Amino acid sequence: MKSNFLILFTLLLLNSCAHKITKVEAIPEHEYVDLGLSVKWAKYNVGANKPEERGQYFQWGLEGTNVMQEKLDLYNDMIVTYKYELNAKNDIASLLWDNDWRIPTAAEFKELQEKCAWEWAEVNGVAGQEITGPNGNKLFLPFAGIGDVQWGAIYTDQGFYWSSSVAENGEAQCLQFDLSANKLNEKARTEKLSIRAVKP
């Protein structure tokens with residue numbers, strides 16, 4: 001009788017422990033396109049869920065501690081100064097997406113310009129540039145313009161995407177493109193531009 005009670009008690013204890021085991025959910029991975037270049041490119045902008053969506057606009061180099069308080073409440077004056085490359089502490093793509101995602105360097109944008117074919121395209125009524133890599137895979141960058149407090153976005157016949165690099169004049173470098181051309185340009189770090197993340 002005593003041994004039966006002991007067995008029953010053990011079964012109840014094991015059953016109660018089993019209910020306390022929690023399943024660990026994996027961090028959702030963002031989709032990417034492998035163009036056959038040195039890095040893989042995100043399929044959509046940071047803050048978006050589809051290639052044609054503008055996503056969120058960001059100032060360059062916000063301090064990570066403030067960003068993590070409100071992940072998308074980013075419009076403050078914490079601009080990094082005297083930096084020539086962003087690191088994981090102030091790279092918003094790294095902070096929001098994790099899993100090795102980061103803002104591309106100017107050199108990686110240059111690779112995108114020089115090794116890929118660019119062509120105007122529309123996806124679900126949104127205009128932008130379709131970029132075809134050396135391996136034939138395609139990436140779409142919408143004309144997201146520049147974030148504006150009053151209008152939401154301006155210059156929406158163009159695309160402006162931050163790099164993690166700084167120009168000699170102290171402004172941050174960005175990729176700028178329109179219907180017919182693309183180039184590396186410089187913008188004040190307080191401007192609000194799109195981000196298309198990359199990963200190894």
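The values are calculated or read from the model by the stated rules, or taken from the named source; none is laboratory data. Keep in mind the model is a prediction, meaning the values are calculated, not measured. Here Cβ is always computed from backbone atoms with ideal geometry, including for glycine, and neighbour counts include all displayed protein chains. Accessible surface areas use protein heavy atoms only, side chains included; no ligands, DNA or RNA. Shrake-Rupley method; radii C 1.70, N 1.55, O 1.52, S 1.80 Å.
Taking Cα centre as origin and charging only the Cβ of basic (Lys, Arg, +1) and acidic (Asp, Glu, -1) residues, the dipole magnitude of the stretch 88-200 rounds to 240 debye.
Computed over protein heavy atoms with a 1.4 Å probe, the accessible surface of the stretch 91-200 works out to 44 Å² per residue.
Across every pair of non-identical alpha carbons in the stretch 153-200, the mean reciprocal distance, once inverted, gives a Kirkwood radius of 11.4 Å.
Here the accessible area of the stretch 78-200 is 47 percent carbon and sulfur, with a 1.4 angstrom probe and all protein chains present.
Per-residue SASA remark: Thr156, around 60 Å² accessible (1.4 Å probe; ligands, DNA and RNA not included). For the peptides 177-186, 135-144, residues were scored by their other Cβ atoms within 10 Å and the scores averaged per peptide; the highest-first order is 135-144, 177-186.
Distant-in-sequence amide contacts of Val33, defined by a placed amide H-H separation under 5 Å and a gap of 5 or more residues or a different chain, comprise Trp41, Ala42, Lys43.
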